[in-house]
Structures are given as structure tokens and as C-alpha cells.
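Every read-out reported here was derived from the displayed coordinates using simple, explicitly stated rules and does not represent laboratory data. None of the values given here were measured: they were computed from a predicted structure. Every residue, glycine among them, receives a Cβ derived from its backbone with ideal geometry; neighbour counts consider all protein chains shown.
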Amino acid sequence: MDRESRKLVKNIVQAIQDKKGKNIVSLDISKFDGAICSVFVVCNADSTTQVCSIADGIDEKLRETINVAPWRIEGQQTGMWIAMDYIDVVVHIFQTPLRDYYKLEDLWADAKVEQYESEE
């Protein structure tokens, strides 16, 4: 992971922690052929309101602190699973049952995983 990606991940994780996101991990997928980005950041929340709040918090923090806006955001309409694309880093914010169902981390089981503290 390069320096810019690390800075982006650090700010994303802080924004998730500020909004009480749970089970925060980053997956370094940069070594995989055909990977769509270098890093996935994954977390979950217990309600659609909190999922949307986390996405809004990430967007706000990155715009204010490092002047970065997402290239694309998907899933805001339902708040069940929001994907925020920052080109080199993609954030996945799941409602808890969907994260348990899709098991995104299992799809990238060989990726280097870093876990972050979350306030439960």
C-alpha cells in the first residue's frame, strides 16, 4: 500500500470510528491480478440510518481533511450496503446481516488484513 492509500485508509477508519462503525478491517488486495483497487475497507452497522451516517461521515471527513471526494458512491438509496469508490481504496459499509451473508473478507482470504478498534 502506498503512502497516499495509507493516508486515505487512516482517515476513513477514523471517520468510521467516529460514527461507531463495527468490525473495521482493511484488506490489502494490491498483489492480486485483476484487483479493482489496492485496498478494501470494510465495516458494518446495525441500522440503515447508521450505514448512511457512516458514509456521510467518511465523505465529510475526507473532503475537510485531505480534500478528497469519492469518485462514485453506490447504495445510498437503501442504506443496506454502501460502496464508496476512492479509486485506489473502496469502502464497503454493510448493515450487519448483509455483511454476515456476503462474507466479503472470505472472498479475499489471502489478502493482508488489518483490524482496527471499534467502539462497541
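For segment 60-120, applying the loop criterion from DSSP together with a ceiling of 16 other beta carbons within 10 Å to the trypsin sites (Lys or Arg not before Pro) yields Lys103.
Taking the chain as the region of interest, the number of lysine pairs whose Cα atoms are within less than 17 Å, with members eight or more places apart or on different chains, is 11.
Take the alpha carbon atoms of segment 60-101, find their radius of gyration, then divide it by 2.2 N^0.38 Å using N residues; give the quotient. Numbers along the way, then the final one.
Working: Rg = 11.6 Å, N = 42, 2.2 N^0.38 = 9.1 Å.
Compared with the compact-globule rule of thumb, segment 60-101 sits at 1.27.
Counting only Cβ charges, +1 for Lys and Arg and -1 for Asp and Glu, the dipole size of the chain around its Cα centre is about 160 debye.
Please state the relative contact order of the chain as a whole percent: Cα pairs under 8 Å, 6+ residues apart?
Numbers: 218 pairs, mean separation 39.7, N = 120.
With pairs under 8 Å counted, the relative contact order is 33 percent.
Considering only Thr78, Cys37, Gln115, the residue lying farthest towards the positive end of the dipole of the chain is Cys37, judged by Cα position with unit charges set on Cβ.
Please work out the Cα center distance from segment 5-43 to segment 51-94, rounded to the nearest Å. If you average the Cα positions of each part, the centres end up 11 Å apart.
Using every pair of separate Cα atoms, the Kirkwood estimate puts the hydrodynamic radius of segment 24-86 at 12.7 angstrom.
If you count the DSSP beta bridges with both ends in the chain, what percent of them are antiparallel, to the nearest 5? Don't skip to the answer; put the middle values down first.
Working: 17 of 24 bridges.
Close to 70 percent.
Write down the Kirkwood hydrodynamic radius of segment 3-109, to one decimal in angstroms, obtained as one divided by the mean of 1/r over all alpha carbon pairs.
Numbers: mean 1/r = 0.0736 Å⁻¹.
About 13.6 Å, per the Kirkwood formula over Cα pairs.
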